[in-house]
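The values are calculated or read from the model by the stated rules, or taken from the named source; none is laboratory data. The shown structure was predicted, so the numbers you read here are calculated from the model rather than taken from an experiment. FYI the Cβ positions are ideal-geometry reconstructions off the backbone, even for glycines, and counts take in every protein chain you see. These accessible areas exclude ligands, DNA and RNA; they are computed on the full protein's heavy atoms, side chains included. Shrake-Rupley method; radii C 1.70, N 1.55, O 1.52, S 1.80 Å.
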Amino acid sequence: MSPLSLDTRSGLPDALQVLLQDYPREAWEADPNFHGLVSFWLERHMMFRQLMAHMKAETEGFLTGERDPQNFARGIGRYGGVFVQQLHGHHHIEDHHYFPILREKDARIETGFDLLDADHHALDGILNRFVEQANGAIQGIGGADARTPAGALREGLIDLERLIGRHLDDEEDLIVPVILKYGAAGLG
(Lines give C-alpha, C1' and ligand atoms only; values in the text may rest on other atoms or scores of the structure.)
Protein backbone atom coordinates (compact mmCIF):
# COMPACT_ATOMS: atom_id res chain seq x y z
CA MET A 1 0.00 0.00 0.00
CA SER A 2 1.32 3.43 -0.94
CA PRO A 3 2.33 5.82 1.87
CA LEU A 4 0.03 8.33 0.15
CA SER A 5 -3.05 6.10 0.21
CA LEU A 6 -5.93 7.34 2.29
CA ASP A 7 -5.64 4.42 4.66
CA THR A 8 -1.97 5.00 5.54
CA ARG A 9 -1.09 8.67 5.21
CA SER A 10 -1.02 11.03 8.14
CA GLY A 11 -1.33 14.25 6.13
CA LEU A 12 -0.32 15.85 2.88
CA PRO A 13 3.27 15.37 1.76
CA ASP A 14 5.45 18.43 2.37
CA ALA A 15 5.61 19.19 -1.36
CA LEU A 16 1.84 19.72 -1.41
CA GLN A 17 1.84 22.02 1.61
CA VAL A 18 3.62 24.91 -0.12
CA LEU A 19 0.54 27.13 -0.19
CA LEU A 20 -0.53 26.04 3.29
CA GLN A 21 2.72 27.51 4.61
CA ASP A 22 1.68 30.92 3.25
CA TYR A 23 -1.99 30.44 4.19
CA PRO A 24 -2.08 28.58 7.53
CA ARG A 25 -5.44 27.44 8.91
CA GLU A 26 -5.41 29.93 11.76
CA ALA A 27 -5.38 32.83 9.25
CA TRP A 28 -8.09 31.57 6.89
CA GLU A 29 -11.09 33.37 8.38
CA ALA A 30 -9.32 36.74 8.30
CA ASP A 31 -8.53 36.45 4.59
CA PRO A 32 -10.79 38.52 2.30
CA ASN A 33 -11.31 35.49 0.01
CA PHE A 34 -12.57 33.34 2.90
CA HIS A 35 -16.22 34.39 2.94
CA GLY A 36 -18.40 32.94 0.25
CA LEU A 37 -17.24 29.75 -1.42
CA VAL A 38 -14.53 28.79 1.12
CA SER A 39 -16.72 29.25 4.18
CA PHE A 40 -19.63 27.44 2.48
CA TRP A 41 -17.38 24.57 1.45
CA LEU A 42 -15.91 24.25 4.98
CA GLU A 43 -19.45 24.25 6.41
CA ARG A 44 -20.28 21.29 4.17
CA HIS A 45 -17.21 19.47 5.49
CA MET A 46 -18.30 20.27 9.06
CA MET A 47 -21.73 18.84 8.29
CA PHE A 48 -20.14 15.53 7.22
CA ARG A 49 -18.09 15.42 10.42
CA GLN A 50 -21.16 16.18 12.54
CA LEU A 51 -23.27 13.52 10.81
CA MET A 52 -20.60 10.89 11.43
CA ALA A 53 -20.28 11.91 15.10
CA HIS A 54 -24.06 11.87 15.50
CA MET A 55 -24.41 8.40 13.96
CA LYS A 56 -21.59 7.12 16.15
CA ALA A 57 -23.27 8.56 19.26
CA GLU A 58 -26.62 7.04 18.22
CA THR A 59 -24.97 3.65 17.76
CA GLU A 60 -23.16 3.89 21.10
CA GLY A 61 -26.46 4.86 22.72
CA PHE A 62 -28.18 1.81 21.28
CA LEU A 63 -25.36 -0.51 22.32
CA THR A 64 -25.43 0.79 25.92
CA GLY A 65 -29.22 0.57 26.09
CA GLU A 66 -29.72 4.34 26.32
CA ARG A 67 -31.28 4.61 22.86
CA ASP A 68 -34.60 3.08 21.90
CA PRO A 69 -34.03 0.47 19.15
CA GLN A 70 -36.71 1.80 16.79
CA ASN A 71 -35.52 5.39 17.16
CA PHE A 72 -31.95 4.21 16.62
CA ALA A 73 -32.96 2.41 13.40
CA ARG A 74 -34.94 5.42 12.10
CA GLY A 75 -32.10 7.81 12.96
CA ILE A 76 -29.39 5.70 11.31
CA GLY A 77 -31.58 5.31 8.23
CA ARG A 78 -32.30 9.02 7.97
CA TYR A 79 -28.87 10.41 8.88
CA GLY A 80 -27.01 7.67 7.03
CA GLY A 81 -29.02 8.33 3.87
CA VAL A 82 -28.40 12.07 4.04
CA PHE A 83 -24.72 11.49 4.73
CA VAL A 84 -24.12 9.15 1.80
CA GLN A 85 -26.25 11.13 -0.66
CA GLN A 86 -24.70 14.47 0.25
CA LEU A 87 -21.14 13.11 0.27
CA HIS A 88 -21.54 11.51 -3.17
CA GLY A 89 -22.98 14.77 -4.53
CA HIS A 90 -20.20 16.79 -2.93
CA HIS A 91 -17.50 14.56 -4.44
CA HIS A 92 -19.18 14.67 -7.86
CA ILE A 93 -19.11 18.48 -7.89
CA GLU A 94 -15.49 18.52 -6.73
CA ASP A 95 -14.34 15.94 -9.30
CA HIS A 96 -16.17 17.42 -12.26
CA HIS A 97 -16.16 21.14 -11.54
CA TYR A 98 -13.85 22.42 -8.80
CA PHE A 99 -10.83 20.15 -9.15
CA PRO A 100 -10.31 20.64 -12.91
CA ILE A 101 -10.31 24.42 -12.44
CA LEU A 102 -8.24 24.48 -9.25
CA ARG A 103 -5.54 22.11 -10.52
CA GLU A 104 -4.64 24.70 -13.16
CA LYS A 105 -4.06 27.48 -10.60
CA ASP A 106 -0.67 26.35 -9.28
CA ALA A 107 1.48 23.63 -10.87
CA ARG A 108 3.28 22.96 -7.56
CA ILE A 109 0.19 21.27 -6.12
CA GLU A 110 -1.32 19.75 -9.26
CA THR A 111 -0.54 16.18 -8.14
CA GLY A 112 -2.56 16.86 -4.98
CA PHE A 113 -5.72 16.69 -7.05
CA ASP A 114 -4.75 13.21 -8.24
CA LEU A 115 -4.38 12.25 -4.57
CA LEU A 116 -7.83 13.64 -3.73
CA ASP A 117 -9.34 11.90 -6.76
CA ALA A 118 -7.83 8.60 -5.57
CA ASP A 119 -9.35 9.28 -2.14
CA HIS A 120 -12.78 9.72 -3.70
CA HIS A 121 -12.49 6.34 -5.42
CA ALA A 122 -11.32 4.69 -2.19
CA LEU A 123 -14.18 6.33 -0.28
CA ASP A 124 -16.74 4.85 -2.67
CA GLY A 125 -15.91 1.37 -1.40
CA ILE A 126 -15.80 2.55 2.20
CA LEU A 127 -19.22 4.18 1.82
CA ASN A 128 -20.62 1.00 0.27
CA ARG A 129 -19.37 -0.93 3.30
CA PHE A 130 -20.98 1.67 5.61
CA VAL A 131 -24.32 1.31 3.80
CA GLU A 132 -24.15 -2.49 4.22
CA GLN A 133 -23.29 -2.12 7.92
CA ALA A 134 -26.03 0.46 8.52
CA ASN A 135 -28.60 -1.69 6.72
CA GLY A 136 -27.47 -4.71 8.74
CA ALA A 137 -27.90 -2.78 11.99
CA ILE A 138 -31.33 -1.49 10.95
CA GLN A 139 -32.51 -4.92 9.82
CA GLY A 140 -31.15 -6.49 12.99
CA ILE A 141 -33.47 -4.46 15.23
CA GLY A 142 -35.92 -6.78 16.89
CA GLY A 143 -33.78 -9.83 16.20
CA ALA A 144 -32.30 -12.09 18.83
CA ASP A 145 -28.87 -10.43 18.58
CA ALA A 146 -29.32 -6.87 17.35
CA ARG A 147 -26.12 -5.84 19.13
CA THR A 148 -23.81 -7.75 16.76
CA PRO A 149 -24.69 -5.82 13.57
CA ALA A 150 -24.83 -2.58 15.57
CA GLY A 151 -21.35 -3.34 16.92
CA ALA A 152 -20.13 -3.85 13.36
CA LEU A 153 -21.70 -0.51 12.43
CA ARG A 154 -19.92 1.17 15.34
CA GLU A 155 -16.55 -0.24 14.22
CA GLY A 156 -17.31 0.81 10.64
CA LEU A 157 -18.20 4.32 11.78
CA ILE A 158 -14.94 4.62 13.71
CA ASP A 159 -13.03 3.66 10.56
CA LEU A 160 -15.22 5.88 8.36
CA GLU A 161 -14.68 8.85 10.67
CA ARG A 162 -10.91 8.32 10.58
CA LEU A 163 -10.68 7.98 6.79
CA ILE A 164 -13.11 10.72 5.86
CA GLY A 165 -11.56 12.95 8.50
CA ARG A 166 -8.12 12.41 6.95
CA HIS A 167 -9.49 13.13 3.48
CA LEU A 168 -11.38 16.27 4.54
CA ASP A 169 -8.38 17.66 6.42
CA ASP A 170 -6.06 17.05 3.46
CA GLU A 171 -8.57 18.42 0.97
CA GLU A 172 -8.96 21.58 3.04
CA ASP A 173 -5.20 21.99 3.45
CA LEU A 174 -4.74 21.74 -0.31
CA ILE A 175 -7.74 23.63 -1.66
CA VAL A 176 -8.45 26.45 0.78
CA PRO A 177 -4.99 28.04 0.31
CA VAL A 178 -5.44 27.86 -3.49
CA ILE A 179 -8.73 29.73 -3.32
CA LEU A 180 -7.41 32.23 -0.78
CA LYS A 181 -4.41 32.98 -3.00
CA TYR A 182 -6.03 32.96 -6.44
CA GLY A 183 -9.68 33.71 -5.64
CA ALA A 184 -12.83 31.82 -6.53
CA ALA A 185 -13.26 33.12 -10.09
CA GLY A 186 -14.79 30.49 -12.33
CA LEU A 187 -15.76 28.24 -9.41
CA GLY A 188 -19.14 29.60 -8.43
Exercise for review: Identify, by number, the condition in (1) over 22 Å from the mean Cα position of the chain (by Cα); (2) within 29 Å of G80 (Cα to Cα); (3) open to solvent by less than 70 Å² (accessible area, probe 1.4 Å) that V38 doesn't meet.
Suggested key: (1)
Review point. In the list G143, G136, which residue meets the criterion of being over 21 Å from R44 (Cα atoms), of a type outside the set (V, I, T), open to solvent by less than 50 Å² (accessible area, probe 1.4 Å) and touching a Pro at 6+ places or on another chain (Cβ under 6 Å)?
Key: G136
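Here's the yes/no breakdown for (1) open to solvent by 60 Å² or more (accessible area, probe 1.4 Å); (2) in a loop (DSSP other than H, G, I, E, B):
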position	(1), (2)
P3	yes, yes
N33	yes, yes
M52	no, no
E58	no, no
Y79	yes, no
F83	no, no
Review point. In region 88-97, is there at least one residue being more than 25 Å from P13 (Cα to Cα) and either outside any helix (DSSP H, G or I) or among the aliphatic types (A, V, I, L, M) (or both)?
Key: no
Point to revise | Checking L6 against (1) aliphatic (A, V, I, L, M); (2) within 16 Å of I164 (Cβ to Cβ); (3) modelled with pLDDT of 95 or more, the condition it does not meet | key: (3)
Exercise for review: Considering each of R147, R162 in turn, give the residue that is free of Cβ contacts under 8 Å to residues at least 24 places away in the same chain and not small (G, A, S).
Suggested key: R162
